[in-house]
Amino acid sequence: MRRRPQRRPFRQGMRKRFVQRVCFVVTLLAMTTACTESRQLRLLEQADDKIAHAKYGDGAELLRRSIAMNPESKSAIRALYKLGFTLESYLKDYEGALFNYQEFIRLSQDRVSIYEVQKRIANIYYEQYRESDKSIAAYKKLISFNPESLEADLFQFRISAAYFRLNNFEQARYEYQQLLERFPRSQFTARVRYEIGNAYYMEGKYDIAIEALKQVLRHHSQSEYAIEAQFLMAQCLENSDRALNALQTYENIRGRYSSPEVLELRIAELKKRMAKRK
């Protein structure tokens, strides 16, 4: 019988050539990646130089070019943060800043940096866009991300204030109360007690507002909000037809209220109304 020709040498040769090609492709890709990374780093350095010399638009364009070369590389992630910061801080392009910050969060593995960028996003929504719903969600995310943060009371305060902006006074009071319970030594406690009274005032619940504002005087008598609380108490009294008590409260803070012109106007108008009733 004839023996079939052995094909092992042929197959081994094919396998060897395949491995060589794979190695070549891998090496080529590695070289290309290294080359791209090097070019990205050069663009980052050039961008830093432009920004240092207040050429923010040029710096931003260099950062965009760096990102475009390989959007998911380590250098691109750095560039995303720098671009977001440049757009926010110098060019006031908040929409562009938000986009780049969100891309940074999507790609980064650094929890500390993600936290800081999330904070910037929350601040843009709260301070620049005044978008209460989005700022509430962003600050709640920060608190859940790091409940022990030294800034957690600030985030809680801004959540409360955002609900106030939405005219959701009941929820605002709840959030303010949460701040008092969780952070009794917060720098915001005087203002929080004032804002609780203010929320009642906005709903026309004047008697409850007065009782809430008395807590400011009781706990923070030396605070600037003690004077503000007395002014608001006078308004509550005025709106609930207790003109004489309102006038006495207004006059009690003469020379101490932050807007003396406003105070004098309130006193003058109140006296006119009282004179007409006689």
Query - Sites residue 115 and residue 205, calculated FRET efficiency, Cβ-Cβ separation with R0 41 Å, nearest 0.05 - result: 0.60
Requested in this report: Straight distance only, please: which aspartates and glutamates reach the Cα of residue 55 with their own Cα at less than 17 Å, same-chain residues fewer than 8 apart left out?
Outcome: 45, 88, 93
Requested in this report: Would you calculate the separation in nanometres between label points at residue 106 and residue 123, each defined as 7 Å from the Cα along the Cα-to-beta-carbon direction?
Outcome: 2.4 nm
Report summary line: Of the candidates 209, 263, 190, the farthest towards the positive dipole end of region 188-278 (Lys/Arg Cβ +1, Asp/Glu Cβ -1, centred on the Cα centre) is 263
Report task. Given the options 191, 173, 256, state which has the largest fluctuation in a GNM of the chain using a 10 Å cut-off (strictly under) for Cα springs. Result -> 256
Query raised in the report: Among 240, 73, 144, 66, what is the fewest-to-most ranking by other Cβ atoms within 10 Å?
Result: 144, 240, 73, 66
**Report entry** Residue among 119, 141, 55 with the largest mean-square fluctuation in a Gaussian network model of the chain, springs linking Cα atoms under 10 Å
**Finding:** 55
Report task. State to the nearest 20 debye the size of the charge dipole of region 114-188 about its Cα centre, where the only charges are +1 on K and R beta carbons and -1 on D and E beta carbons. Result -> 100 debye
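Where the only charges are on Cβ atoms (+1 Lys, Arg; -1 Asp, Glu), what is the dipole of region 188-278 about its Cα centre, to the nearest 20 debye?
380 debye
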Query raised in the report: Could you give the Stokes-Einstein D for the chain in µm² per second, using the C-alpha Kirkwood radius, 4 °C, 1.567 mPa s?
Result: 54 µm²/s
Query raised in the report: For the charge dipole of the chain, defined by +1 on Lys and Arg C-beta atoms and -1 on Asp and Glu C-beta atoms about the Cα centroid, which residue among 230, 85, 152 has the Cα displaced farthest towards the positive pole?
Result: 85
Query raised in the report: In nanometres, what is the gap between the two model label sites at residue 254 and residue 170, each 7 Å from Cα along Cα-to-Cβ?
Result: 4.2 nm
Report task. Would you list, by chain and number, the lysines whose Cα falls below 22 Å from the Cα of residue 74, excluding same-chain residues fewer than 8 positions away? Result -> 50, 82, 119
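Size of the dipole of the chain about the Cα centre, Lys and Arg at +1 and Asp and Glu at -1 on the beta carbon, nothing else charged, in debye to 20?
Using only the charged Cβ atoms, the result is roughly 2480 debye.
Coordinate-derived values only; no laboratory data. These numbers come from a predicted model, not from an experiment. Using ideal geometry, Cβ is built from the backbone for each residue, glycine included, and neighbour counts are taken over all protein chains shown.
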